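Working notes, structure below.
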Amino acid sequence: MLNLTRAERLLALFLGLFILTGVTVSYLLKKQPALQRFYNCANLDSSDINLDLNKASPQDLMRLPGVGEAIALEIVQYRESAGGFKSIDELDNVKGIGPQKLELIRKHVTIK
């Protein structure tokens, strides 16, 4: 057996845990599309997405921070029932979007 000092054993343990964490995250990002969307949302800036709420498809809307399939469909359903968005603030009327999520989304959407 190797004669390692306590510090060397701790370093080996730390490196092993670090590698295991990286492999696990990589695996989960490949296998779970929802996690990939969450990861991508964390890396957005305002120039990455600029969607017209009255024209965006559900797939486009799912690119917005905190918007998954269910909320994207709710946005489209609200848009159709209201005859289109007149204001970005109307997103607050969509089921699943509250004040905090609205603020995350606001800088990524427009109404033309």
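The values are calculated or read from the model by the stated rules, or taken from the named source; none is laboratory data. Not measured: the values here are computed from a predicted model. Neighbour counts are summed over all protein chains in view; Cβ atoms, including those assigned to glycine, are modelled from backbone coordinates with ideal geometry.
Inside segment 54-68, can you point out the residues that are assigned to a loop (DSSP other than H, G, I, E, B) and under 25 Å from Gln32 (Cα atoms)? Reasoning before the result, please.
So in segment 54-68, the residues assigned to a loop (DSSP other than H, G, I, E, B) come out as 54-57, 62-68.
Across segment 54-68, the qualifying residues are Ala56, Ser57, Met62, Arg63, Leu64, Pro65, Gly66, Val67, Gly68.
Which numbered condition in (1) part of a helix (DSSP H, G or I); (2) at pLDDT 95 or above is the only one that Gln100 fails?
Result: Gln100 fails condition (2) only.
Test Glu74 against the criterion of being at pLDDT 95 or above and in contact with a Gly (Cβ under 6 Å, 6 or more places away or on another chain), and give yes or no. Reasoning before the result, please.
Values: at pLDDT 95 or above: yes; in contact with a Gly (Cβ under 6 Å, 6 or more places away or on another chain): yes.
Here the answer is yes, as Glu74 does meet what is asked.
Scanning segment 69-97 for residues that are outside any helix (DSSP H, G or I) and among the aliphatic types (A, V, I, L, M), which turns out nearest to Ile49 (Cα to Cα)?
The first filter runs over segment 69-97 and keeps only residues outside any helix (DSSP H, G or I), leaving 83-87, 94-97.
In the following step, the residues that additionally are among the aliphatic types (A, V, I, L, M) were identified as 94, 97.
Numbers: Val94: 20, Ile97: 18 Å.
The qualifying residue nearest to Ile49 (Cα to Cα) is Ile97.
Can you tell me which residue within segment 39-65, out of those that are hydrophobic (A, V, I, L, M, F, W, C) and modelled with pLDDT under 60, is surrounded by the fewest Cβ atoms within 10 Å (Cβ to Cβ)?
Going through segment 39-65, the residues hydrophobic (A, V, I, L, M, F, W, C) turn out to be 41-42, 44, 49, 51, 53, 56, 61-62, 64.
Next, only the ones that are modelled with pLDDT under 60 stay: 41-42, 44.
Numbers: Cys41: 17, Ala42: 7, Leu44: 15.
Checking each candidate, the answer is Ala42.
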